[in-house]
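**Student:** Okay, here's the structure, questions in a sec.
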Amino acid sequence: TKTISKCYVQVTGMTCASCVANIERNLRREDGIHSILVALMAGKAEVRYNPAVIHPSAIAELIRELGFGAAVMENCEEGDGILELVVRGMTCASCVHKIESTLMKTNGVLYCSVALATNKAHIKYDPEAIGPRDVIQVIKDLGFTTSLVKKDRSASHLDHKQEIRQWKRSFVVSLVFCIPVMGLMIYMMVMDSQLSDAHAHHNMSSEEMEALHSSMVLEYQLLPGLSVMNFLSFLLCVPVQVFGGWHFYIQASRALRHNTANMDVLVVLATSIAFLYSFVILLVAMAEKAKVNPVTFFDTPPMLFVFISLGRWLEHVAKGKTSEALARLISLQATEATIVTLGPDNVLLSEEQVDVELVQRGDIVKVVPGGKFPVDGRVIEGHSMVDESLITGEAMPVTKKPGSTVIAGSINQNGSLLISATHVGADTTLSQIVKLVEEAQTSKAPIQQFADKLSGYFVPFIVAVSVVTLFAWIIIGFVDFEIVEKYFLGYNKSISAAEVIIRFAFQASITVLCIACPCSLGLA
């Protein structure tokens with residue numbers, strides 16, 4: 001017998017099924033080529049040849065002469081079939097050994113590993129020599145029950161509905177509480193500007209000014225040091241901090257556990273510090289029974305959360321759209337196939353229903369009218385019209401006769417066909433498309449990787465800058481108190497200079513944090 005070797009050639013420049021037919025037809029005529037199988041989507045030809053007559057480089061040259069780009073692929077692992085099975089009935093290590101040794105002796109099995117703890121078997125095989133059904137039969141003959149590891153066909157990992165819901169809720173909660181806070185802020189600004197105008201025109205003494213200031217409704221003190229404005233802001237801020245910020249806190253804690261700092265960490269830092277600082281300042285003012293209401297930052301968290309949760313919500317909606325398309329593609333795959341055994345003169349001897357993953361190359365599959373093609377193949381017998389619009393977008397059905405190629409996922413219309421499977425499992429056109437789309441989704445654009453890398457440095461940098469700000473102002477304040485006095489207007493003259501300095505320093509550093517937090521990088 002002649003020895004037959006197998007090689008893979010990467011083929012570029014193929015545009016449609018006729019290119020595939022062209023390559024296959026021309027190469028079959030050549031001396032020393034036993035068989036050739038071309039996969040259009042994967043851009044790959046599998047050639048079985050006689051090494052005594054022809055070499056892989058010569059095969060690639062033949063394809064090049066037909067006007068396509070061709071290169072021999074070095075790592076021929078590509079062609080190995082991989083099988084994951086659940087094996088029941090194993091009791092001890094000797095069962096494992098029995099299965100492994102029997103399988104390894106079986107022709108066509110390249111590698112086999114069985115795990116007793118998980119009842120799983122992982123098998124690599126040569127699809128030319130053996131198929132998944134044969135492997136399952138071998139294990140059954142040893143007295144174990146076995147079945148395929150069920151693949152998740154529903155594509156639930158592509159479902160973004162839950163995230164969309166949670167960010168939408170987060171956004172709505174933040175927005176509901178943010179609007180009143182913004183209203184209060186605008187009201188305060190307008191009143192303040194009117195007051196300063198009045199001050200400019202009437203040259204009031206600062207005592208009169210204070211009296212006028214505290215006569216404003218929002219500046220009215222419920223308790224000494226606690227104004228209506230601050231109290232309302234606090235009440236509106238708490239639910240946002242808890243409900244609006246819930247997911248940010250979870251993600252930030254995860255990031256910190258892995259020693260990384262992402263945007264969530266910044267958001268949480270800025271909002272928590274702004275909230276806690278304002279809260280503490282209020283308590284201090286109440287304890288001091290301060291006449292002048294302290295400056296608080298309760299307006300910061302709701303507004304930040306609104307912007308950022310809106311951004312996250314939109315992002316997940318966009319992701320959901322692409323994933324929806326993928327899930328639809330995956331749902332086009334048939335789940336079962338009818339395998340038939342043919343006698344002489346193509347007489348039907350028997351037929352059985354099997355899982356699509358168990359169809360082997362070379363199997364004869366029967367497809368009834370209205371049925372989906374489970375695998376890519378070639379028609380052996382029958383005439384029919386086939387709707388291939390899922391791949392080609394062509395609305396008109398395509399005529400199929402013996403020798404025509406059919407695509408997995410397309411729909412048989414009026415005649416019953418017998419096809420010989422050429423590409424099964426992950427090699428079918430549909431699986432290749434799904435794989436390409438998935439890869440396109442998981443791979444990041446270079447600029448995106450750059451942004452992720454930057455935000456890794458950005459967060460610690462901002463935190464450092466705000467800490468520097470804090471200490472810088474404390475030092476400036478103790479060295480030259482007048483500078484602080486110049487910028488920190490309206491502070492209470494009754495409190496000590498040291499406290500004024502520390503309050504001012506805190507305000508400055510929190511401002512740095514809050515401004516850097518919704519930075520364009522994070523939002524984008």
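The values are calculated or read from the model by the stated rules, or taken from the named source; none is laboratory data. Just so we're clear, the structure is a prediction, and the values are computed from it rather than from any experiment. Glycine also receives a Cβ, built like all others from the backbone with ideal geometry; neighbour counts cover every protein chain displayed. Please note that ligands, DNA and RNA were not included when accessible areas were found on the heavy atoms of the full protein model with its side chains. Shrake-Rupley method; radii C 1.70, N 1.55, O 1.52, S 1.80 Å.
**Student:** Write out the chymotrypsin sites (Phe, Trp or Tyr not before Pro) in segment 1-69 meeting two conditions: DSSP loop, and at most 10 other Cβ atoms within 10 Å of their Cβ.
**Tutor:** none
**Student:** So what's the Cα pair-distance distribution over the chain, bin width 20 Å, in %?
**Tutor:** 16, 33, 22, 18, 10, 1
**Student:** Then there's this: For the chain, give the magnitude of the charge dipole about the Cα centre (Cβ charges: +1 Lys/Arg, -1 Asp/Glu; no others), in debye to the nearest 20.
**Tutor:** Roughly 900 debye, rounded to the nearest 20.
**Student:** Using a cut-off of 12 Å between beta-carbons, work out the net charge of the residues near Val365 (Lys and Arg +1, Asp and Glu -1, Val365 not included).
**Tutor:** -2
**Student:** Okay, moving on. Between exposed GluC sites (Glu not before Pro) in the chain, where DSSP calls loop and at most 15 other Cβ atoms lie within 10 Å, what's the longest gap?
**Tutor:** It runs 75-393.
**Student:** Wrap a convex hull around the Cα atoms of segment 1-83, take a quarter of its surface area, and give that in square nanometres.
**Tutor:** If you wrap the Cα atoms of segment 1-83 in a convex hull and average its projections, you get 5.9 nm².
**Student:** For segment 255-324, how big is Rg over Rh, using alpha carbon atoms and the Kirkwood form of Rh?
**Tutor:** When Rh is taken as the Kirkwood radius, the ratio is 1.20.
**Student:** Follow-up. Report the one residue of Ser233, Ile339, Phe68 whose Cα lies farthest in the direction of the positive end of the charge dipole of the chain (charges on C-beta: Lys and Arg +1, Asp and Glu -1; origin at the Cα centre).
**Tutor:** Ile339
**Student:** Would you kindly compute the Cα radius of gyration of segment 225-344 and its largest Cα-Cα separation (Dmax), both in Å?
**Tutor:** Values for segment 225-344 (Cα only, Rg and Dmax): 25.4, 105 Å.
**Student:** A further question on this structure: Taking the Cα centre of segment 13-107 as origin and charging only Cβ (+1 Lys, Arg; -1 Asp, Glu), how large is the dipole, in debye to the nearest 20?
**Tutor:** Dipole magnitude for segment 13-107 comes out near 340 debye.
**Student:** Here's another thing I want to ask about it. Roughly what angle does helix 429-442 make with the longest principal axis of the chain, taking Cα atoms, 0 to 90 degrees, to the nearest 10?
**Tutor:** The two axes meet at around 20 degrees.
**Student:** Quick one: grab the alpha carbon gyration tensor of segment 90-189, order the square roots of its eigenvalues as a ≥ b ≥ c, and give me rounded if a/c is under 1.5, else prolate or oblate depending on whether a/b is larger than b/c.
**Tutor:** Note, shape of segment 90-189 comes out prolate.
**Student:** With a 1.4 Å probe and all protein chains kept in place, how much accessible area does Met396 have, in Å² rounded to the nearest 10?
**Tutor:** Counting only protein heavy atoms, Met396 exposes about 130 Å² to solvent.
**Student:** I've got another one for you. I need the calculated FRET efficiency for the pair Asn414 and Lys453, taking r as the beta carbon distance and R₀ as 51 Å, to the nearest 0.05.
**Tutor:** Efficiency computed from Cβ-Cβ geometry: 0.35.
**Student:** Something else: Of Val53, His97, Ala252, whose Cα points farthest to the positive end of the dipole of the chain (charges on the beta-carbon: +1 Lys, Arg; -1 Asp, Glu; origin at the Cα centre)?
**Tutor:** Farthest towards the positive pole: His97.
**Student:** Give the angle, between 0 and 90 degrees and rounded to the nearest 10, that separates the Cα long axis of helix 446-479 from the longest principal axis of the Cα atoms of the chain.
**Tutor:** 20 degrees
**Student:** Testing the spin-label approximation: label points 7 Å from Cα along Cα→Cβ at Leu314 and Val368. State their distance in nm.
**Tutor:** With each label placed 7 Å out from Cα toward Cβ, I get 5.1 nm.
**Student:** One quarter of the convex hull surface, Cα atoms only: what value does that give for segment 43-109 in nm²?
**Tutor:** Mean projected area of the Cα convex hull: 7.0 nm².
**Student:** OK, next. What is the gain in length, in nm to one decimal, between Val149 and Lys120 on full extension, counting 0.36 nm per residue of separation less the C-alpha to C-alpha distance?
**Tutor:** Length gained between Val149 and Lys120: 9.6 nm.
**Student:** State the answer as a single residue: which of Pro224, Val138, Thr511 lies farthest towards the positive end of the charge dipole of the chain, with beta carbon charges of +1 for Lys and Arg and -1 for Asp and Glu, about the Cα centre.
**Tutor:** Sorting the options by dipole projection puts first Val138.
**Student:** For the Cα atoms of the chain, what angle does the longest principal axis make with the long axis of helix 206-215, in degrees from 0 to 90, nearest 10?
**Tutor:** Once rounded, one gets 50 degrees.
**Student:** Could you tell me whether segment 344-389 comes out rounded, prolate or oblate from its Cα gyration tensor? Rule is a ≥ b ≥ c as square roots of the eigenvalues, rounded for a/c under 1.5, then prolate if a/b exceeds b/c, otherwise oblate.
**Tutor:** oblate
**Student:** Here's something else I'd like to know. With charges set only on the Cβ (+1 for Lys and Arg, -1 for Asp and Glu), what does the dipole of segment 309-379 come to about its Cα centre, in debye to the nearest 20?
**Tutor:** Magnitude of the dipole: close to 500 debye.
**Student:** Relative contact order for segment 1-67: what is it in percent, counting Cα pairs under 8 Å that are at least 6 residues apart?
**Tutor:** 39 percent
**Student:** Taking the Cα-to-Cβ direction at Thr399 and at Ala129 and moving 7 Å from each Cα, how far apart do the two end points lie in nm?
**Tutor:** In this crude label model, Thr399 to Ala129 measures out at 4.4 nm.
**Student:** I would also like to ask the following. When the gyration tensor of segment 21-165 is built from Cα positions, what are the square roots of 5 times its three eigenvalues, in whole Å, from largest to smallest?
**Tutor:** Over the Cα atoms of segment 21-165, the semi-axes work out to 38, 25, 11 Å.
**Student:** How much mean residue ellipticity at 222 nm does the chain get from its helices, if each DSSP H run of length 4 or more adds -39500 (n - 2.57) and you divide by all residues, to the nearest 500 deg cm²/dmol?
**Tutor:** Per the formula, -16500 deg cm²/dmol.
**Student:** OK, next. With every protein chain left in place, what is the accessible area of His97 in Å² (1.4 Å probe, nearest 10)?
**Tutor:** Surface open to solvent at His97 totals about 120 Å².
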